Amino acid sequence: MEQQADTGEPQQPAHCHWHPSVETGLSCSQCGRSICTQCMVQASVGIRCPECGKAPKMPTFDVQPTFYARAVGTGIAVAVGGGVIWIIFNFIFGGFGILSSMPALGVGYAAGELISKAVNAKRSNGLAYIAAASVVGAYIIALPSSPVSSGFFGLIVLAIAIYTAVQRVK
């Protein structure tokens with residue numbers, strides 16, 4: 001091991017990489033940059049700087065653009081398919097009042113489940129918006145054939161359907 005010779009000159013104090021006015025004796029255990037106590041991140045292998053100490057995203061929440069494309073495609077299919085099934089349901093059971101709103105629950109469940117399967121069970125707020133939009137899309141497609149769905153009870157059932165879809169992918 002090589003030892004440095006003491007030249008008699010005082011060593012310059014280290015300054016934090018992110019706060020240059022703060023003197024420090026600490027450094028990142030990975031990259032070696034000087035860090036102050038405000039910047040340090042405690043890790044299982046020592047202290048790290050803010051860049052080296054960032055936790056990686058969990059794979060479940062790491063949603064790539066291709067997954068969003070799959071979710072949009074699935075959401076459009078659910079909206080169209082759910083809307084058509086809802087229209088058929090309304091023609092058969094339209095005279096039974098609140099029954100015309102019940103397909104919303106099935107569409108909500110299907111939207112959440114199918115989008116979740118299409119994106120390998122990934123979760124994000126963006127996927128939740130897509131799932132909600134697919135339920136609303138089916139509602140809009142079926143609205144002209146729905147005598148009760150435009151009423152207050154229909155909107156409550158729609159809200160429950162949206163909640164069901166969103167909770168599966170959020």
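Throughout, read-outs are computed from the coordinates displayed, never taken from laboratory work. Owing to the predicted nature of the structure, the values given are computational and were not obtained by experimental measurement. In this analysis, Cβ positions are derived from the backbone assuming ideal geometry, glycine residues included, and neighbour counts consider all displayed protein chains.
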Options Ala111, Asn90, Gly73, ranked by Cα towards positive dipole end of the chain, top entry (Cβ charges): Asn90
Computed label-point distance, nm, for sites Cys31 and Gln12 using a 7 Å Cα→Cβ extension: 2.0
Rough spin-label spacing in nm, given labels placed 7 Å along Cα→Cβ, for Tyr129 and Ile98: 3.4
Size of segment 24-170 as Cα extents on the principal axes (Å, biggest first): 78, 28, 19
Relative exposure of Thr24, Thr66, judged by other C-beta atoms within 10 Å (fewest first): Thr66, Thr24
Estimated FRET transfer efficiency when R0 is 30 angstrom, pair Ile76-Phe152 (beta carbons, to 0.05): 0.60
Separation in nanometres of the label points that stand 7 Å from Cα toward Cβ, at Glu51 and Glu113: 4.8
Segments 81-91, 122-132 sorted - mean Cβ within 10 Å per residue, highest first: 122-132, 81-91
Which of Ser21, Pro59, Val166, positive extreme of dipole for the chain (C-beta unit charges): Val166
Efficiency of FRET between Tyr68 and Ala159 - r from beta-carbon atoms, R0 25 angstrom, step 0.05: 0.55
